[in-house]
Amino acid sequence: MLNIKEGSTSHSAYNLRSTFSDVEERHTLAVIVENEPGVLARVIGLFSGRGYNIESLTVAEIDHTGHMSRITLVTSGTPQVIEQIKAQLGRIVPVHEVHDLTVEGPTVERELALFKVRGEGEHRVEALRLADIFRANVVDSTLESFVFEITGTPDKIDAFADLMRPLGLTELARTGVAALSRGPEARV
Amino acid sequence: MTGQTQSAQTGRQMTGAKMVVQALKDQGVDTVFGYPGGAVLPIYDELFQQNDIRHVLVRHEQGAIHAAEGYARSTGKPGVAIVTSGPGATNAVTGLTDALLDSIPIVVLSGQVPTFMIGSDAFQEADTVGITRPCTKHNWLVKETDRLGQTLHEAFHVATAGRPGPVLVDIPKDVQFATGSYGGKETRSTRYAPAVKGDRAAIEALARAMETAKRPVFYTGGGVINSGPEASKLLRELVAATGFPITSTLMGLGAYPASGEQWLGMLGMHGLYEANMAMHGCDLLICIGARFDDRITGRIDAFSPNSIRAHIDIDPSSLNKVIRTDIPIIGDVAHVLKDLLEAWSAGGRKTDREALAQWQAQIGEWRSKDCLAFRNSDKVIKPQFALQRLEALTKDRDRYITTEVGQHQMWAAQYLGFEDPNRWMTSGGLGTMGYGFPASVGVQMAHPDSLVINVAGEASWLMNMQEMGTAVQYRLPVKQFILNNERLGMVRQWQELLHGERYSQSWSEALPDFVKLAEAFGAKGILCKDPADLDDAIMEMLDHDGPVIFDCLVEKHENCFPMIPSGKAHNEMLMGEVSTAHAIEAGGAVLV
Ligand SMILES: Cc1ncc(C[n+]2csc(CCOP(=O)(O)OP(=O)(O)O)c2C)c(N)n1
Ligand SMILES: [Mg+2]
């Protein structure tokens, strides 16, 4: 009954959907926060306290003079839960902005991962060959191991991990997702 | 917030402890509730050396927080409490959570071990900001005296701006001793500023929906009270302009007068039949400053099935949280109602008179079921009767009511009438037994000449009975009206109705002699058990200029009706035996 555009920002909850759907969606949120003590605990406490999912969370200060941090959060839930998550995040006092990158337009998402792969002979050669196909870099090597660095979407990293497992994957570290909107405009 | 210290550099030099007192004065604080301890001694030393701020020594920190809540709710100003580190702070947790769920603005200052000892498990160290993070709107640990002033002013701002709530400022002892600069009220950062104006288009849409509504109802809540007296005034104008019936949550009682023509009474789990049936049968639901709590909605999928829902709330997270809303309006109630009234009268809009008359007739039919009827007795005092008499004997006075939690609380909401906002203080969201007595202390501090009554259950009252010391010390003539059923009555009721009458642990055994208890504290005690004596006894309580414990022995097995059992719909109410309506038959009465 209202004619208000879809999509929501931290200032508007007028993202009207006619019904509460129970289809789960995956959303990537960019949350700009004041980098004060405890701010991350507030965000994480909100998710655990209200039973929301966190699939990935990364945080770092992006403005050292203004002490602002950007949290990139990947979460999943029904459209109503996603709206709640955004509204609840927006209520946290040191949170300045909440952006739903999934709704606001096309985005690029990247994650960095380090893989330690241990092996000899054929396995070692095969690991190196696959790393090349995936554009992974060798950042450390010994006669019996490699550490690969790979950047890509979470899916790509999953795929690389599947391939490395039989070839001697012994340790894996992932950063979680960082995301930006595509195009010339700064949305956040 | 962000370190805007340039004004702090030009500010006055003083110790952190002095800064605390100065900031409170600059905020216009006249009363604080608190309890001293090692980590707040410098602040107490400063309090000792001034006369502008009264400090009320409670007997337990939980009491301090509830008293601050009572002060806040009865004045509309933030309440202030001071507690020491460790156990002082942990004792404040229940009160903070209570204030969070009921959106009550309070500022709690806690002492902390010195900064250089934080993290060492020092004596009376607790991670206070960690513990209170989920039960405050925001909290701060102040590590530099230069930051203290601006943080305190920010704390008052956050507590009161937007949807109000409790905040806590944790102040290490060395920060209280050290000297820093204080720049006054202006030093706070101004970034936190929730929007108060509602969206014009949405307000227009609501006005249009009001024109065509055939079965409208206003459903109002604590947000109207929190928005200030202007909101209640505008609400009354809106109801008068439209002639729409109005109901309210437990939290919102008094925003619209109980004597008002359109008043349906409270809705919800123990709400009135006509209010709940109107919610179920309406075609336009206008929610103002309420949040579709489960005590209100009953079964969600059967909630108000045929209505367009409009929702006015200052907190965007309240919209579409529980119930899908068709017309969401984010804004402060007073601001939105002002614009709505304008949109209403500017358009020369008219309601559908004929449909409204039919709707009123239907409501009249529901009302005639007389859902609050009860079987009175001349042998034993019925709790409902006790409240009817209390109402009759006090309603024309300058009266404030607080309550504890349980059956007595629901009966008080049903049988007492509230004509104005800020006159009714009860723990709604958290349902905190032990709230009412300390809250009455806070209310009486704010309104020394008014009649303050705490309608209590004996079990709840015992939870914070230590505050008798406070009441006596400060000569606060609070009336503790205890409906003593020697039972955890509400628990007993659920056990009777839902757990096969297995009354597990719901007796109040070994109760004190309340009259002697009052006397032991130096107060007056009154015992009443005969309905014939009730009026005289109440008058005796009212005439006594001092705190009174009124031990009203009531029927032990009375149940509180109407009742929507958990998980049932509004039209599946259980009714008292005397009422003419029956739960199941009620379904047929719904308009489609
Ligand atoms: C702190 C706390 N503990 C437990 C409860 C659960 N509870 C709700 S009502 C009630 C009984 C209250 O008894 P009383 O104060 O005598 O009131 P009555 O229902 O008898 O009027 C209990 C135990 C609660 N609300 N708060
Ligand atoms: Mg009782």
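Quick notes on this one:
- Antiparallel bridge percentage (DSSP; both residues within chain B; nearest 5): 10 percent
- Extension gain for the segment residue B:193 to residue B:368, taken as residue separation times 0.36 nm less the Cα-Cα distance, is 58.3 nm to one decimal.
- The GNM of chain A, with springs linking C-alpha atoms under 10 angstrom apart, assigns the highest mean-square fluctuation among A:24, A:109, A:144 to A:144.
- Restricting attention to the protein assembly as shown, close to 45% of DSSP beta bridges with both partner residues there are antiparallel.
- Net charge in the neighbourhood of residue B:430 (other residues with Cβ under 9 Å of its Cβ; Lys, Arg +1, Asp, Glu -1) is -2.
- Burial of 40 Å² or greater, segment B:316-346 residues [accessible area, probe 1.4 Å, versus chain by itself]: B:317, B:320, B:321, B:324, B:328, B:330
- A simple charge model with +1 on the Cβ of Lys and Arg, -1 on the Cβ of Asp and Glu and nothing else charged puts the dipole of chain A at about 300 debye relative to its Cα centre.
- Helix-derived mean residue ellipticity, 222 nm - over the protein assembly as shown, DSSP H n ≥ 4, -39500 (n - 2.57), to 500: -10000 deg cm²/dmol
- Length added when fully stretched, residue B:396-residue B:26, from 0.36 nm per residue minus Cα-Cα: 129.6 nm
- For segment A:24-122, the relative contact order works out to 38 percent when only alpha carbon pairs closer than 8 Å and six or more residues apart are counted.
- Simple label model, 7 Å out from Cα along Cβ direction - residue B:377 to residue B:302, nm: 3.2 nm
- For residue B:503, net neighbour charge (Lys/Arg +1, Asp/Glu -1) across residues whose Cβ lies under 14 Å away: 0
- Ellipsoid fit via the Cα gyration tensor, chain A: semi-axes of 37, 19, 15 Å, each the root of five times an eigenvalue, largest first.
- Largest-first principal axis extents of the Cα set of chain B (Å): 72, 61, 41
- Rel. contact order, % - alpha carbon contacts under 8 angstrom, at least six apart, segment A:107-181: 52 percent
- Solvent-accessible area lost in complex, 40 Å² minimum, residues of segment A:24-42 relative to chain alone, 1.4 Å: A:34, A:42
- Solvent-accessible area buried by pairing B with A, both sides, nearest 100 square angstrom, 1.4 angstrom probe: 2300 Å²
- Accessible area (Å², per residue) of segment A:25-104, counting only protein heavy atoms and a probe of 1.4 Å: 37 Å²
- Residue of A:137, A:35, A:53 that the Gaussian network model of chain A assigns the largest fluctuation, springs spanning Cα pairs under 10 Å: A:137
- About the Cα centre, charge dipole magnitude for the protein assembly as shown (Lys/Arg +1, Asp/Glu -1 at Cβ), debye: 880 debye
- Length-normalised contact order of chain B in % [C-alpha pairs under 8 Å, at least 6 apart]: 14 percent
- Taking only the C-alpha atoms of segment A:107-181, the Rg (one decimal) and the largest Cα-Cα distance, Dmax (whole number), read 12.3, 43 Å.
- Summed residue charge, Cβ within 11 Å of residue B:127's Cβ, Lys/Arg positive, Asp/Glu negative: -2
- The protein assembly as shown, accessible surface, carbon-and-sulfur percent (1.4 angstrom probe): 51 percent
- Zone of residue A:112's modelled label, taken as backbone nitrogen in segment A:138-176 under 12 Å from a point 7 Å along Cα→Cβ: A:149-152, A:174-176
- In chain A, the longest principal axis of the Cα atoms and the axis of helix A:154-164 are about 20 degrees apart.
- Peptides B:120-133, B:397-410 ranked from most to least packed give B:397-410, B:120-133, packing being the mean of other C-beta atoms within 10 angstrom over each peptide's residues.
- Paramagnetic label zone (point 7 Å from Cα along Cα-to-C-beta, residue A:129; backbone N under 15 Å) in segment A:141-163: A:163
- Residues of segment A:69-106 buried by at least 50 Å² on assembly (accessible area, 1.4 Å probe, chain alone as reference): A:84, A:91, A:93
- Rounded to the nearest 20 debye, the dipole size of chain B about its Cα centre is 1120 debye, using +1 on the Cβ of Lys and Arg and -1 on the Cβ of Asp and Glu.
- Share, in percent, of DSSP beta bridges within chain A that are antiparallel, nearest 5: 100 percent
- Centre separation in Å (Cα based) which lies between segment A:61-80 and segment B:406-482: 44 Å
The values are calculated or read from the model by the stated rules, or taken from the named source; none is laboratory data. What you see is a predicted model; the values in this text were computed from it and never measured. In this analysis, Cβ positions are derived from the backbone assuming ideal geometry, glycine residues included, and neighbour counts consider all displayed protein chains. In case anyone asks, the SASA skips ligands and DNA or RNA and just uses the protein heavy atoms, side chains included. Shrake-Rupley method; radii C 1.70, N 1.55, O 1.52, S 1.80 Å.
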